[in-house]
1. In region 230-259, what residues are over 17 Å from Leu211 (Cβ atoms) and surrounded by fewer than 24 Cβ atoms within 10 Å (Cβ to Cβ)?
2. Suppose the filter is hydrophobic (A, V, I, L, M, F, W, C), closer than 23 Å to Arg132 by Cα and touching a Leu at 6+ places or on another chain (Cβ under 8 Å); does Ala279 pass it?
3. Of everything in region 156-197 that's surrounded by fewer than 13 Cβ atoms within 10 Å (Cβ to Cβ) and over 26 Å from Ser54 (Cα atoms), which residue is modelled with the lowest pLDDT?
4. Going residue by residue through region 177-187, is there one that turns out to be touching a residue at least 60 places away in the same chain (Cβ under 8 Å) and assigned to a loop (DSSP other than H, G, I, E, B)?
5. Among the residues in region 5-26, are any in contact with a Ser or Thr (Cβ under 6 Å, 6 or more places away or on another chain), in contact (Cβ under 8 Å) with a residue 24 or more places away in the chain, outside any helix (DSSP H, G or I) and not aliphatic (A, V, I, L, M)?
6. Of all residues being surrounded by fewer than 22 Cβ atoms within 10 Å (Cβ to Cβ) and not in a loop (DSSP other than H, G, I, E, B) in region 320-347, which is modelled with the lowest pLDDT? Just the residue, please.
7. Pick from Leu252, Leu203: which is modelled with pLDDT of 95 or more and either part of a helix (DSSP H, G or I) or hydrophobic (A, V, I, L, M, F, W, C) (or both)?
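The values are calculated or read from the model by the stated rules, or taken from the named source; none is laboratory data. Everything numeric in this text was worked out from a predicted model, so none of it was measured. Because the Cβ atoms are built from the backbone with ideal geometry, glycine has one as well, and the counts that use them run over all protein chains shown.
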Amino acid sequence: MKFFAKINLLRLAQLFFGAGVFILPLRIRSLIFADGAYSLGFFDEYRAFFIHASELFFLVAFALLGLAFIFRGVKMRKIPVKFLLPFLILLAVKIAVVPFSRDPILSLLHFWRTFEFAVGAFFVASGVFELRAVVRILAAAFFLQSALAVAQFFARGELGLHFFGESFFTAETFNVGKTVLPSGDVLVRGMGTLPHANIFAGLAAVVLLLLAARERKYSLVYFVAVVIFAGMFFAFSRAADLAFFAGLLVLLVFNFRRRIFSTAAALGMFSFLIFFFGAPFFVRIQNSPASSIDRFSQISQSVAIARENIFGVGRGEYTAALAEQFSALDFWQIQPVHNFFALKTAEESIFTAFAWVAIFAIFALWGFREKKFEVLALVVGLFLLANFDHYFSSNFTGEAVLWIAFAFVVAEISARPDFEKSAVKSSK
């Protein structure tokens, strides 16, 4: 007992949690569940479950934090129940539909992971894990990812960092994120160690909005933001660019004087990159109508699946249901619908999807009402990204970043005036 009393358990927990956040983008993982993952004739990653190195750090952090509560006591900022209630309802609905899943074990594993993220987000919002430190660590992680993404673009392929999860790919690799110029030249889209360029770019946009909301006092922050912005650009993700600039527009409209410099800087850098590397970007823009048609087709497929499964097919089971109901699809088309809310409807019922829509709507409204425009900008960016892709549900890093972002939202809206100056300390 005296041994634990002498150790700064809270500090250790914070260090492990920070390490987990830092390695979030790295795909260092181990497969622990794959029942039915080969039923389509190839390995279906969405029907498998991996343990990631990052969440092992989180679990150690939670264990140490538990010991800190027991042996030393931990002070934490109280969050009014009304700010937590939407998430409690979400978790209740998610666990309620697990028994109706095609594979309840897989759904239960995913629920456990979501619960982990929710617990971590709660401790971030309550100040146990300091919000500013978490944002900075996440920014450092995506600073490195962005540098890697830029290097991948110019190297036209992977850089050999496979231990950290980098994919094996070149410009000739089938179904990898790439852009084909009118000249026939093929350029890869930077993605770091994440599985796709769209995932990397979307999460980079979220990190940039977090930085815009929290960190503007130091020149190093601007340098980090510039590198992350460059990485996002060389991923050539239309949704990421739209989400970032929409969030920036919200900040500019409601806080013009404080945001005019950062907006001008972002537009200036974007114009600079367009001038020298605009060809791939405009090719992506020209392909937008075809991509939109494909996404509408995916949504109609998800609606058809949801109609036949009112309580959802279960987390990870969408691809199997899609292959069964639409057998004419090619294997590369067997993927989750590129819309977070549509995927939630098909996999975890309309009730889960509605709970998520309510969370976005409630916090956007509260952000506007309380004049927390940084919150409103972030929620707008997240909502746009959620409507264009599925990685907030289907990707480990994407889901984690979504919960961290909402931890920021809750902390900002519920913060006392002196919250920035308060520190969470273990009681002696």
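1. Result: Arg238, Ala239, Leu242, Val253, Phe254, Phe256, Arg257.
2. No; evaluated as a whole, the condition is false for this residue.
3. Within region 156-197, the match that is modelled with the lowest pLDDT is Asn175.
4. yes
5. Let us first name the residues in region 5-26 that are in contact with a Ser or Thr (Cβ under 6 Å, 6 or more places away or on another chain), namely 10, 20, 23-26.
Of the ones still in play, those that are also in contact (Cβ under 8 Å) with a residue 24 or more places away in the chain are 10, 20, 23-26.
Okay, now just the ones that are also outside any helix (DSSP H, G or I), so 23-26.
Of the ones still in play, those that are also not aliphatic (A, V, I, L, M) are 25.
Yes: region 5-26 contains one or more residues that are in contact with a Ser or Thr (Cβ under 6 Å, 6 or more places away or on another chain), in contact (Cβ under 8 Å) with a residue 24 or more places away in the chain, outside any helix (DSSP H, G or I) and not aliphatic (A, V, I, L, M).
6. Among those that are surrounded by fewer than 22 Cβ atoms within 10 Å (Cβ to Cβ) and not in a loop (DSSP other than H, G, I, E, B), it is Trp332.
7. Leu203
The rows are residues; the columns are (1) surrounded by 15 or more Cβ atoms within 10 Å (Cβ to Cβ); (2) closer than 26 Å to Ala323 by Cα; (3) touching a residue at least 40 places away in the same chain (Cβ under 8 Å).
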residue: Gly268; (1), (2), (3): no, no, no
residue: Ser271; (1), (2), (3): no, no, no
residue: Phe275; (1), (2), (3): no, no, no
residue: Pro280; (1), (2), (3): yes, no, yes
residue: Arg284; (1), (2), (3): yes, no, yes
residue: Arg295; (1), (2), (3): yes, yes, yes
residue: Ser300; (1), (2), (3): no, yes, no
residue: Glu308; (1), (2), (3): no, yes, no
residue: Gly312; (1), (2), (3): yes, yes, yes
